[in-house]
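The values are calculated or read from the model by the stated rules, or taken from the named source; none is laboratory data. Being a predicted model, the structure only gives us computed values, none of them experimental. We place every Cβ from the backbone using ideal geometry, glycine too, and count neighbours over all the protein chains shown.
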Ligand SMILES: Nc1ncnc2c1ncn2[C@@H]1O[C@H](COP(=O)(O)OP(=O)(O)OP(=O)(O)O)[C@@H](O)[C@H]1O
Ligand SMILES: Nc1ncnc2c1ncn2[C@@H]1O[C@H](COP(=O)(O)OP(=O)(O)OP(=O)(O)O)[C@@H](O)[C@H]1O
Ligand SMILES: [Mg+2]
Ligand SMILES: [Mg+2]
């Protein structure tokens, strides 16, 4: 799984720590996240809502929230270029070139008063002079490729005239317009029905295969990851809990959180579950650094030290790692 | 394997040994403290600038009161034997061509210029915002009518309008201020209308309708806060523009009547003597620049609080 | 049928009859909803599924009175509701509440989470102290901690947290009809399970009728009693959820069913051609699914199939519905790679 030395990684994140400081309150969002994505590789990120997946993606892209000071440690390289050392101007000038993003919330990321075709080709036209007609034709083509019916007419419409799912496709078109080295897709298909979802993901697969683009796919649809990603990262409260080849994580999860997550998936067959097996409790507050394991309070196999000692990274199999004391014990016993 | 969670900052390699891993618990507190300090430092710098700005405006206000309440600073007292004197203890900013004290005139000018600017803003910003928000939020016929009225105002040449109003109502502070304000209504209306148009399409406004939020409350809690940042930054630009506009009018002879001082008027008066007695122009110019900067600084703070 | 002959419980809480919604005019008209009828009883959950752009949100907005239908009626407890919300009776307005599809965008960014949830209470004149207590209760109900997120603004919480805040707000006035437009689509599966359990409990305990809009068939299967499948503004199929999903009668329902990705189950044959869906700007003729349907004939282009009852509570709008036998033999995956 380790990249060869000569290959530039599409994404290389080391020990990333992100804290939001607004006034006297500090939110400790990410606590030491490391992740490599090779060119052409697709990595899925799943995890509890609020555990920092979007913050992770936005930090990679260089987007800082307004109103809070962001305190970042660690390193981020996109296609070899240091993202943290870059100035705002540099980030803006290469926006879309190195990395681009499909946002979780398309309505809020689009300007309601600008025609969609302009917003789709913005990343291109910002840097190069493109003839208006060419730009528009390109936008229409992109809209067609993401399955928007009647793209010629739709390109001229405003975001408010689109359904939620179609807006999401506009966002996808805008993100791939500039052929980035890395595409961060933050729940790109949550608003889409399965038939369109399939089509859009096929498209992303094609782009990835053709251009060697790295893909980080943030989703909560574990079913979707199976067919679309090489590796899966499970996040919880700003930390990576488990990581490994997607098929293995889905079939033989090592971490108790991953197991809980998989059990909570509603099923299309088998008995109907009036009461779905949720994991009791909720995310720990992010107002303090987490001591020990952040999942301890909700964990079915919790031990005393889980509350105080940070669990080690345990290699379960080649390329499959879990951060858990119980897994560490198992490993110890079987050795 | 290319993935690992953060190792303790002081440990060179991620060791799977529990002891080393647990050492990571109170990590990064130094960085956070630095960030907290950075916010505090930025806030302190902002606070200093704001204080300086506020002090300047306060000094202006006190001097204005002094000039109104006491005969110490008389902007009209002429002493032809003491014309175009350079700055001295008796005349800190020197005297003008008529031997009037430039300091006294600058202070009196502040009063007139600022009152004109405030009236301008009151008319322009309040009127423009009301009109713009109403047009943008309610759309329909109201929007069309307002659009038409704005076009009418814009079609009338500004100078002719001012000359007409001033000659009918006399060159008083109120008539000049409200006329310039009227001319600023379209600009304010445009800025606020375009924002109100986008805000009404936002889901949070639709959600507000669903929970039966009364329209005035929607306007105050949803539309105005969205309009405010643009409005505030534009208001400060407009205020400067108003001060300058009033000066230009005075220069053209349509400002405040002749001896009454305003910054624009004094600058205009001093222009002919710029080579020989630059203080006549520089004192009010400095006052104007400092005031504009003070207003802008305070404007920034206000804007920050909104966003 | 007059009201007096029917027991109160038998009157549908919400009824939508022959609803048609169009946007724009002339050549730019979008035919968003084309003759949809639905009916819901108290304590019942009706799921509305269908392709993106098929008019699900538009139906929801017409029900709450945010868009004006071109034809058709919305009835609450048998009473016709004015097309526009402002013309509706104030007392009944609070009875239909909605959770928007866009969670962050539907919360007022200038208010804190707590203020957002308190807003409907405030508008009904609930006192300050009572509001505070109720807000905590509501936040607790959707699994959020008031002390942690209460004072934050919508921009400072995650998408899933925002979704729960908007659910809490919709529930604040104890509506009789709750419309949940993709209410759980932004949530991870474990929070989704929590929220679905919350919704389930509210439906059961407070006898709420829930219109549950979703494109996730697995979710729909576990929460709804009835499912209505929408395609380009028309109902393809409606019926008891389990019956429809286990043995679809409409080819579109079957295609939807086949496209659901599940862990450990390889994606099957899509069951439809990959033609583009027709433009919603063309006035629909015939069956809207025919271009992508494997069983389409000339009849499908010529005539719009009417919704016909094929069983108790089961309707399908198709000239060539899948036979029960054929449906049963469909290669629907039945085993799952359940986690060890
Ligand atoms: N500007 C901010 N200031 C303070 N806290 C923030 C800010 N933005 C996000 N957070 C917090 O950071 C955490 C991570 O948020 P993030 O949006 O990354 O979650 P997520 O994993 O993407 O969740 P979801 O699946 O719900 O989208 C949340 O607890 C959120 O409340
Ligand atoms: N204000 C509007 N003006 C013009 N067209 C609109 C407007 N609102 C919706 N539409 C169109 O109406 C159709 C139905 O939209 P709707 O939002 O109801 O779809 P949906 O089924 O909710 O889809 P999704 O699952 O993607 O949210 C779409 O073609 C959409 O583009
Ligand atoms: Mg997110
Ligand atoms: Mg919708």
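Hey, can you tell me all the residues within segment A:40-73 that are part of a strand (DSSP E or B) and under 26 Å from residue A:226 (Cβ atoms)? First the steps, then the outcome.
Our first condition is that a residue be part of a strand (DSSP E or B); within segment A:40-73, this holds for A:42-47, A:69-73.
A:42, A:43, A:44, A:45, A:46, A:47, listed by residue number.
Within 14 Å of another protein chain (Cβ to nearest Cβ), within 16 Å of ligand 4 (Cβ to nearest atom), crowded, with 21+ Cβ neighbours inside 10 Å and within 25 Å of residue C:158 (Cα to Cα), is that true of residue A:170? Let's see the steps before the verdict.
Values: within 14 Å of another protein chain (Cβ to nearest Cβ): yes; within 16 Å of ligand 4 (Cβ to nearest atom): yes; crowded, with 21+ Cβ neighbours inside 10 Å: yes; within 25 Å of residue C:158 (Cα to Cα): yes.
Yes, satisfied.
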Q: Among residues belonging to segment C:204-215 that are within 11 Å of another protein chain (Cβ to nearest Cβ) and surrounded by 24 or more Cβ atoms within 10 Å (Cβ to Cβ), point out the one that is farthest from residue C:99 (Cα to Cα).
A: C:215
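Please verify whether residue C:201 is surrounded by 24 or more Cβ atoms within 10 Å (Cβ to Cβ), away from ligand 2 (no atom under 16 Å from the Cβ) and assigned to a helix (DSSP H, G or I), treating the condition exactly as stated. Quick ask: steps written out before the conclusion?
Values: surrounded by 24 or more Cβ atoms within 10 Å (Cβ to Cβ): no; away from ligand 2 (no atom under 16 Å from the Cβ): yes; assigned to a helix (DSSP H, G or I): yes.
The answer is no for residue C:201.
Condition (residue is part of a loop (DSSP other than H, G, I, E, B) and modelled with pLDDT under 80) applied to segment B:43-60: is it met by at least one residue? Before the answer, list the steps.
Narrowing segment B:43-60 to residues part of a loop (DSSP other than H, G, I, E, B): none.
Within segment B:43-60, none of the residues are part of a loop (DSSP other than H, G, I, E, B) and modelled with pLDDT under 80.
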Q) Of all the residues that make up segment A:188-231, how many are in contact with a strand residue (DSSP E or B) (Cβ under 6 Å, 6 or more places away or on another chain) and within 16 Å of ligand 2 (Cβ to nearest atom)? A) 1
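Take the residues in segment A:36-47 that are touching a helix residue (DSSP H, G or I) at 6+ places or on another chain (Cβ under 8 Å) and at the interface with another protein chain (Cβ under 9 Å from one of its Cβ atoms), then tell me which one is modelled with the lowest pLDDT. I'd like the intermediate steps shown before the answer.
First pass over segment A:36-47, keeping only residues touching a helix residue (DSSP H, G or I) at 6+ places or on another chain (Cβ under 8 Å): A:40, A:42, A:44-47.
Retained after the next criterion (residues that are at the interface with another protein chain (Cβ under 9 Å from one of its Cβ atoms)): A:46-47.
Working: A:46: 93, A:47: 90.
Checking each candidate, the answer is A:47.
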**Q.** Number of the exception - residue C:285 against (1) at pLDDT below 75; (2) surrounded by fewer than 17 Cβ atoms within 10 Å (Cβ to Cβ)
**A.** (1)
Q | Of the criteria (1) under 30 Å from the mean Cα position of the chain (by Cα); (2) in a helix (DSSP H, G or I); (3) modelled with pLDDT under 75, which one residue B:73 fails | A | (2)
Q | Which numbered condition residue A:50 fails, given (1) at negative phi; (2) facing chain C (nearest Cβ under 8 Å) | A | (1)
Q | Matching residues in segment C:173-188 - criterion: being away from ligand 4 (no atom under 16 Å from the Cβ) and closer than 14 Å to residue C:106 by Cβ | A | none
Q: Take residue C:155 and decide whether it is more than 17 Å from the chain's Cα centre (by Cα) and within 16 Å of ligand 3 (Cβ to nearest atom).
A: yes
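Among the residues of segment C:147-163, count how many are assigned to a helix (DSSP H, G or I), surrounded by 21 or more Cβ atoms within 10 Å (Cβ to Cβ) and within 8 Å of ligand 1 (Cβ to nearest atom).
First pass over segment C:147-163, keeping only residues assigned to a helix (DSSP H, G or I): C:147-149, C:154-156, C:159-163.
Right, trim to surrounded by 21 or more Cβ atoms within 10 Å (Cβ to Cβ) and you get C:149, C:154, C:159-163.
So of that shortlist, the ones also within 8 Å of ligand 1 (Cβ to nearest atom) come out as C:149, C:159-163.
Residues flagged as assigned to a helix (DSSP H, G or I), surrounded by 21 or more Cβ atoms within 10 Å (Cβ to Cβ) and within 8 Å of ligand 1 (Cβ to nearest atom) within segment C:147-163 amount to 6.
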Q. Just one of C:71, C:28, C:82 is touching a strand residue (DSSP E or B) at 6+ places or on another chain (Cβ under 6 Å) and either on the phi < 0 side of the Ramachandran plot or within 9 Å of ligand 2 (Cβ to nearest atom) (or both); which is it?
A. C:71
Q.
Which pairs turn up if I take residues in segment A:154-182 that are more than 22 Å from residue C:233 (Cβ to Cβ) and look for partners that are part of a helix (DSSP H, G or I) and within 16 Å of ligand 3 (Cβ to nearest atom) with beta carbon separation below 6 Å, at least 6 apart in sequence or on another chain?
A. A:171/A:106
(Q) Quick check on segment A:168-187: of everything there that is out of contact with any helix residue (DSSP H, G or I) (no Cβ under 6 Å at 6 or more places or on another chain) and within 16 Å of ligand 1 (Cβ to nearest atom), which residue is modelled with the lowest pLDDT? (A) A:187
Q.
Please pick out the residue among A:3, A:95, A:86 that is within 14 Å of chain B (Cβ to nearest Cβ), surrounded by 16 or more Cβ atoms within 10 Å (Cβ to Cβ), part of a loop (DSSP other than H, G, I, E, B) and at pLDDT below 85.
A. A:3
(Q) Which of the numbered conditions does residue C:186 fail, given that it passes all the others? Conditions: (1) assigned to a helix (DSSP H, G or I); (2) facing another protein chain (nearest Cβ under 7 Å). (A) (1)
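Which of the residues that make up segment C:164-183 are within 20 Å of residue C:136 (Cα to Cα) and not in a helix (DSSP H, G or I)? Let's see the steps before the verdict.
The initial filter retains those residues of segment C:164-183 that are within 20 Å of residue C:136 (Cα to Cα), namely C:164-175.
Within segment C:164-183, C:172, C:173, C:174, C:175 meet the criteria.
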